[in-house]
Each structure stands twice: as C-alpha cells, then as structure tokens.
Protein chains: 2
Amino acid sequence: MNRNLLIASTSTIHGSGYLEYLKDKVEEHFADANQIVFVPFARPGGASHEEYFQFAKKFFDNIGKELVGIHNLSDMVNGLRSAEGIFTGGGNTFVLLKALYDNKLIKPLRDVIARGIPYMGTSAGSNILGATVQTTNDMPIVYPPSFEALGAVPFNINPHYQDPDPASQHMGETRETRIKEFLHFNSQVVTGLREGSFFKVADDVIALQGPFSVRIFEPGKEPYEVSSEEDLSFLLG
Amino acid sequence: MNRNLLIASTSTIHGSGYLEYLKDKVEEHFADANQIVFVPFARPGGASHEEYFQFAKKFFDNIGKELVGIHNLSDMVNGLRSAEGIFTGGGNTFVLLKALYDNKLIKPLRDVIARGIPYMGTSAGSNILGATVQTTNDMPIVYPPSFEALGAVPFNINPHYQDPDPASQHMGETRETRIKEFLHFNSQVVTGLREGSFFKVADDVIALQGPFSVRIFEPGKEPYEVSSEEDLSFLLG
C-alpha cells in the first residue's frame, strides 16, 4: 500500500516552539513539496481557521515552504487532490472529523494519501489516520456522523500518551484504564504515542522515532513497550 | 419542575471505600425507598453488568437497601417506571448513554425523574443528567446515536474536575482548555465538579455540598468559582 506518513504525538514539546523539535523531519518529509495544504479544522482553543492557518504558516515560511489553507480554497476537494503535501494540525478531534465529513473530504484524503503524497499529522491530525478516532483524549464538543477515520494505518492512535502518575490522588481513569476499556468494545491495536515521539510510515514499513518507546495495547494482552530499535511491522498487519 | 437529584462528581474519593464519603447523603436521599434500581451500563473497566451490580450491592446491603440490577429485569422500562429510587454508577459515559438509547430508556428515565423519584448519579451517572454528555472526560469507545442526555438540569456537568497543574510539562489540553473549547460550539453553562463535591437538586432549588467550590464556565466569561454558601439558582435558569 502506498503511503508516506509522519504521525506525531504533538506539534510542540515543553519549552520549545511550534514544530521546532520536528523541524528537520518536516523538511525531510516535505522535501519534494513546494506547496503544502494545511487542514486547520481541529481549531485548537476554538481558534478560527484563518488564525490557526496564520499561526502554522510562520513555521512553514521559515523553512521556505508555501502553506495553503484548505479553508481558503474555492474547491477544497480539488485542492486536496492536487496537493503536493498535506499537514493536518491538532486541536479537537471531533471538530476536525466532523468538518472532514461535512466538507466531504474523507474520501479525497484517503485517495491522496494512498497515492503516496506526504501527509503529516500532529495530535488530532495524527488521530484521524487511525481506524477510528475512538482513542482520542478530546471532549466530544460536536457530534460527527461517525467515529470512523481515514484508516491510513490499521491501528488506533492515542496521542499525548501519558503514563499513570503513581502519586496521583485523582480517581478519574488513567489513560491506560481508558484504552483498556476501549479494547473491551473494539479489536484494533492501540498505540500510546508519547509527546516527542512519532511514527514514519513509508508504504509497508513503519518506524518509531523520537526519545520514547511506544506503548502497545492489544486485546487480551497486558500493555507492553516497543522501542524504536525493535520491529513494529506487526502494526501494519 | 419536580426532581430529586444527588449529582456526585465521583463514587469514591482517594483513600476511602466505595460511596463511603457519601454514606449519610445516600441514606438521606433514599430514605423513602426500600428498593433502588441500579443502572450498571457504564461498565467501569469493562466490567460486566452483573459484576458491577454485585460490587455496588455490597454498599447498599450495608445500609439496608435492596438494590435491583436493571439488567436483570425482564421489562426494563416498567422496572424503571415503578422504581422507588434510581442509582446510575460511573464508568464510560458513551457506553452508558448508548445502552440507554439502545434499551429505549431515555424517555422512561426522564419521566421517572420528573415525577420526583430520587435519582443518584456518580461520575458518568451524573454526566447524563445534563443537557448533553459533551463535557465528559471519557473516551468515545462506542458511538451513541446522539450526545443528547437526560436534561434533568439545563447545564452540563464535568465530573472529576481537575485544576490545571502549574508544574505540568504535558502539552495536552487542560480540563479548562477543553471546556472553553466546548463553549465555542455550545451555549449551555458547564459546571466543573471536583471529586468529593456534589449537587443536591430538589425541584427548583440547587445546593452544592462537599469540601470544594464549583468552577463555572459560561460563554463569553472567564471561568469563576462559586462556593457552597453562595446562590446557585442561576444554574437552573
């Protein structure tokens, strides 16, 4: 299967600027793209599409790439189909997914990804690459017509993965508990991707990069860690 | 409007047994009910209905109340309609809400609540009393046919409310950020209810009880705190 994905847990790590920790990887990922289509629909903090676009554009200006906001295109579907690269930023996964359905962009996105056009996602923009968005951390502030996502990879992604805090006195569920609950109702593997780590998927090869191992949740198994040196090909089934 | 609600943030506070901190309040709330119908559909940790029921039953045995699991009734709707008291436990809000829709229990629940039958909710069981479940903290592990909830109160509830941790280096959204994002897309007031605190609603009177103030989120306003001594009647509109 053709695909060329950079799947990041977060756009920003603590104490660093927007996409700064990923700069070299972004340049490499989009080496052959002069123009990149930006999908601002996740609207972090309720930002407008244009506010979010202008924020992201500064980073891409600095690396000499032209960023085009999909919200500014008169024909979004064709704009996407002719994209040389796509970047979907983080924010609220439900808001993002609903906007993709409302604007009939799910199939065009699947198609362009399957043609091997480089796609980068951070946080919610990564989440939608999975089978479903059902391992998002976000609040369901809008109601999308389905939880089914792009399925560019067969597993589900939990971005911003956090380990349980042994000192916590909070009685709400830990991330691990939530993902285990997910596996009572769903069968796909879940990857807990920590901030600063990311997947690179080139066709049928997947690699983990960044400082942390990934936590793997499978039905009927205790969760376990896989490091960036180990084989992750089982994730692509 | 008739209603008799005990809306708790959590069933259990740190270092204490199940419902232990609420024991006196539960006894008072269900003083006139010999038999209480338990709704186990939120399935915490993926527990079966019967496992969850047996767990909750121990507490009610200790206070001399008969607990009846709705999942064990041949006619759930009539069982609910003839209930003397209702308790909906926590777990996953999406799983709970979907089960209520699937079993056609939304309207019967609304009706029995509107007759003033005492209802107690903890966590997810509280969340469903609001206008919608869109301020839940839970993962969307199943897809309910709607996010609309019971509307026994006109506001939304965020149980297990947590203040931002100023020392955190995590880049995921804080609870406050998430609720502010909710208010970009929705108009109802949100109440951030901390663990150990709870609302009592008797017809058109609402009181906050427990050790903490409640954090109020309204569109176009900075969030603010209201203590248990202050008037909360604006919440009932």
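Every read-out reported here was derived from the displayed coordinates using simple, explicitly stated rules and does not represent laboratory data. Nothing here was measured: the structure is a model prediction, and the numbers come from that model. When we count neighbours, we look across all protein chains shown, and the Cβ atoms used for this are built from the backbone with ideal geometry, even at glycine.
Translational diffusion of the protein assembly as shown, estimated by Stokes-Einstein from the Kirkwood radius over alpha carbon pairs at 4 °C in a medium of 1.567 mPa s, is 56 µm² per second. Extents of chain A, taken as max minus min of Cα coordinates on every principal axis and listed largest first, are 47, 38, 37 Å. Remark: the stretch A:160-237 is approximated by an ellipsoid whose semi-axes, taken from the C-alpha gyration tensor as √(5λ), come to 24, 16, 9 Å, largest first. About the centre of its Cα atoms, the stretch B:18-85 shows a dipole size close to 180 debye [charges on the beta carbon of Lys, Arg (+1) and Asp, Glu (-1) only; nearest 20 debye].
Inside 10 Å of the C-beta atoms of A:41-53, what's the mean count of C-beta atoms belonging to other chains?
On the way: counts 0, 1, 3, 3, 6, 7, 2, 1, 0, 0, 0, 0, 0.
Mean inter-chain Cβ contacts per residue within 10 Å come to 2.
Given the Cα-Cα distance of A:Tyr18 and A:Ser228 and 0.36 nm per residue of separation, how much length would full extension add, in nm?
Values: separation 210, 0.36 × 210 = 75.60 nm, distance 2.37 nm.
Length gained, A:Tyr18 through A:Ser228: 73.2 nm.
Spatially, the stretch B:25-71 and the stretch A:74-131 are offset by 45 Å when compared through their Cα centroids.
For the rotational copies A and B, the chain A residue with its Cβ nearest the relating axis, together with that separation in Å, is A:Pro140, 3.
How well do other chains shield peptide A:181-188, expressed as the mean number of their Cβ atoms within 10 Å of each residue Cβ? Write down the numbers at each step before the final one.
Values: counts 14, 6, 2, 9, 8, 2, 0, 0.
Mean shielding count: 5.
Each other residue within a Cβ distance under 11 Å of A:Gly46 adds +1 if Lys or Arg and -1 if Asp or Glu, for a net charge of +1. Can you give the Rg to Rh ratio of the stretch A:1-137, both from alpha-carbon atoms, with Rh computed by the Kirkwood formula? Rounded to two decimals, Rg/Rh equals 0.92.
Before anything else, pin down the relative contact order of chain A: Cα pairs under 8 Å, at least 6 apart, normalised by residue count, whole percent.
On the way: 502 pairs, mean separation 53.2, N = 237.
Rounded, it is 22 percent for chain A.
Computed FRET efficiency, Cβ-Cβ of B:Ser146 and A:Thr177, R0 25 Å: what is it to the nearest 0.05? Please list the in-between numbers first.
Numbers: r = 26 Å, r/R0 = 1.03.
Given R0 = 25 Å and the Cβ-Cβ separation, E is 0.45.
Between A:Ala207 and A:Phe185, the simple spin-label model (points 7 angstrom out along Cα→Cβ) gives 3.7 nm. For the stretch B:181-192, backbone phi angles converted through the Karplus equation (6.51, -1.76, 1.60; θ = phi - 60°) give residue-by-residue couplings of 5, 3, 6, 6, 10, 9, 10, 6, 4, 10, 10, x Hz, Gly and Pro being listed as x. Distances between equivalent label points of A:Glu27 across the copies, with each point positioned 7 Å along Cα→Cβ, amount to 7.1 nm, shortest listed first.
Any chance you could tell me what percent of the C-alpha pair distances in the stretch B:56-150 go past 23 Å? Numbers along the way, then the final one.
Details: 995 of 4465 pairs.
For the stretch B:56-150, the share of Cα pairs beyond 23 Å comes to 22 percent.
Placing a label point 7 Å from Cα along the Cα-to-Cβ direction at A:Gln54 gives distances to the equivalent points in the other copies of 6.1 nm, listed shortest first.
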